[in-house]
1. Pairs, please: C-beta under 6 Å, at least 6 apart or cross-chain, first residue closer than 12 Å to residue B:163 by Cβ and in the stretch B:184-203, second crowded, with 20+ Cβ neighbours inside 10 Å and aromatic (Phe, Trp, Tyr)?
2. Kindly indicate whether residue B:182 is under 20 Å from residue B:50 (Cβ atoms) and among the charged types (D, E, K, R).
3. Working only within the stretch B:124-170, note down all residues that are over 20 Å from residue B:44 (Cβ atoms) and of a type in the set (Lys, Arg).
4. In this structure, does residue B:8 turn out to be touching a Lys or Arg at 6+ places or on another chain (Cβ under 8 Å) and either buried (at least 24 other Cβ atoms within 10 Å of the Cβ) or over 21 Å from residue B:160 (Cα atoms) (or both)?
5. Can you tell me which of A:186, A:146, A:135 is more than 14 Å from chain B (Cβ to nearest Cβ), surrounded by fewer than 20 Cβ atoms within 10 Å (Cβ to Cβ) and hydroxyl-bearing (Ser, Thr, Tyr)?
6. Count, please, the residues in the stretch B:9-55 that happen to be of a type outside the set (Gly, Ala, Ser) and at positive phi.
Amino acid sequence: MISLRNVWIVAERDMRTFLRYKVLLIMRAIWFLAQIALFGLVVNKMLRPDVQDAVGGNYFHFYVAGIVITLLYSTAVFIGYDIFEEADHGVIEYLLSVPISRKELVLGRSIGGGLRSFIYVSPMMLFALYLIGISNPLQLLVAFASLFLFTFGVAGFSITLAVSIKSSDKFDILLGVVDALIVRLSTTLYPIAYMPDYYAALAKFNPLTFAADIFRWGAGIESALITSPWTAVLGIVLFFSMFTFLGIILHEKRIEGGGWQ
Amino acid sequence: MAPIIRTVNLTKKFGSLVAVDHLNLEIEEGEIFGFLGPNGAGKTTTLLMLITVIKPTEGTAYVGPYDVTREPDKARTLIGMAFQEPKLLWVSTPWDVLDWHAKVCGLSSEERRKRVRWALEELGLWNERHKSIHGFSGGMRKRVEIAKILIQRPKIAIVDEPTAQIDIVGKHRIWNMIRALRDEGSTIILATNELYEADVLSDRVAIIHKGKLLVCDAPKKLKDSILGGDVIEVVLEKEVPSKIVEELKAINRIVDVLAVKPNCLKIYLNQAEEVLPRITEFFMKVHMPVKSIQMSEPSLDDVFVHYTGLTIEEAQKR
């Protein structure tokens, strides 16, 4: 039987560890602000009115919501790097020796990886909402709940990759490629209307598109949605279920009996 | 009384390498059990199987009543380990590491604070408790690792090379803390390649070499079991030819002669006081001037030599 106390202790450890990467956290926050204050504002001025219409009337608002999602993704993915770092320092052996079950350990890591990302990005999310404005608090709550699941899904996705690949260099390169594709083949930064059809077809099933859509819907940028908000919620739930489950199964299989060696 | 740890044909293979080979051991509750062997002997692999970090290839071990292959989660509730290499993330602080360890071991917040503070003060880390481990020396990291087990106070405490990289004052302090842990009710498994450490701390010692158990008994009994209860160490002016060693062995009451260095012999014998004049006379006769002669009691090193034909340093090099 899984002890929730133990799961929470593991998750809490991952959150505390994340806070120790002060330079990384400060740099990511500066990156976020620079993207908004420089890139977002300048590009917004460059765009024709028809492009502005395609994103709900204000590209800047569309972009700010999208950049929050990319930040949420890139910080939730960080748990995979932690797993490699711990394997390098032998910390994984220590974690396997403490009096908690393997299931509690892997579940806690998945939750911790997602939760810390959500908590870290929350102030930036609120800043984004301050810039965009809030029109429907109930929609916003649904959006927050969905994004909460989205971060767990991304953490599970990162753990799945980390435990499937034995080399940290390969993981680093693969994650760079995945990051380039998953962010660019989504509606986080630009509307689907301007994508070639074959890109748009892929973007429609991208979890980042679902997340960007649901956050924009929550913030009231409804005309920018590519589908119904409930489809986006369903997409996120499926993404969360698949990778949380897969991440846990693979992680447990890999660490049990010294498979990480 | 039933043993608190029992291994039954415990075996671990990594590909073609047999790291632990059908190990059968019994460890009694409340004892300090020395696990002695050179690096690569299979000590750490055995301990990692006991703590369920790795699975045996064959055989099993029982931690208390729990089979490590069938009930690993339950086995881990009885056992804790301070690893040979400190298992710490460089961004962590001693306080965070130890506080989390205490928490995951189920200590209440009050008890946690008390024990973490006590361990940090005892090990001289209190002033560094909120500093990143990144800047710590090897010895300081090792002390943080040891602190984990002192805080946890498990029923079975494994300490793997507890004083490696620690200065002599620190060593004595840690030895006293290990003894205190035993006095409070823990059974201690001490893995070490330091013979003196095993000798002074252990109630019983198991000597392991190339994954196999060679012998297991109280240090005194092991030392007494060596044929030739006395040891004479002779340092000569020049290198000793093997022919001389063979001639020396032929002297009555000399049990064995081992060249520990090209100009240094260890002679295992009975009734040293009677044989010593004959030994000095022998060296004079063969024109081998003697630099020094020292008589001693056999040590665990001698026990290791007796069973493997190698000193622990030589075994480590192979």
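The values are calculated or read from the model by the stated rules, or taken from the named source; none is laboratory data. Values in this document were obtained by computation on a predicted structure and should not be read as measured data. Methodologically, a virtual Cβ is constructed for each residue, glycine included, from the backbone with ideal geometry; neighbour enumeration extends over all protein chains shown.
1. B:191/B:35
2. The answer is yes for residue B:182.
3. Scanning the stretch B:124-170 gives B:129, B:131, B:153, B:155.
4. Criteria not met by residue B:8.
5. So the residue among A:186, A:146, A:135 that is more than 14 Å from chain B (Cβ to nearest Cβ), surrounded by fewer than 20 Cβ atoms within 10 Å (Cβ to Cβ) and hydroxyl-bearing (Ser, Thr, Tyr) is A:135.
6. Within the stretch B:9-55, residues that are of a type outside the set (Gly, Ala, Ser) and at positive phi number 3.
Here's the yes/no breakdown for (1) assigned to a helix (DSSP H, G or I); (2) over 30 Å from residue A:245 (Cα atoms); (3) out of contact with any strand residue (DSSP E or B) (no Cβ under 8 Å at 6 or more places or on another chain); (4) at pLDDT below 90:
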| site | (1), (2), (3), (4) |
| --- | --- |
| A:10 | yes, no, yes, no |
| A:15 | yes, no, yes, no |
| A:64 | yes, yes, yes, no |
| A:68 | yes, no, yes, no |
| A:74 | yes, no, yes, no |
| A:85 | yes, no, yes, yes |
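Each row is one residue, and each column tells you yes or no for (1) at pLDDT 95 or above; (2) over 21 Å from residue A:95 (Cα atoms); (3) not polar (S, T, N, Q).
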{"site": "B:10", "(1), (2), (3)": "yes, yes, yes"}
{"site": "B:18", "(1), (2), (3)": "no, yes, yes"}
{"site": "B:24", "(1), (2), (3)": "yes, yes, no"}
{"site": "B:40", "(1), (2), (3)": "no, yes, yes"}
{"site": "B:50", "(1), (2), (3)": "yes, no, yes"}
{"site": "B:66", "(1), (2), (3)": "yes, no, yes"}
{"site": "B:72", "(1), (2), (3)": "no, no, yes"}
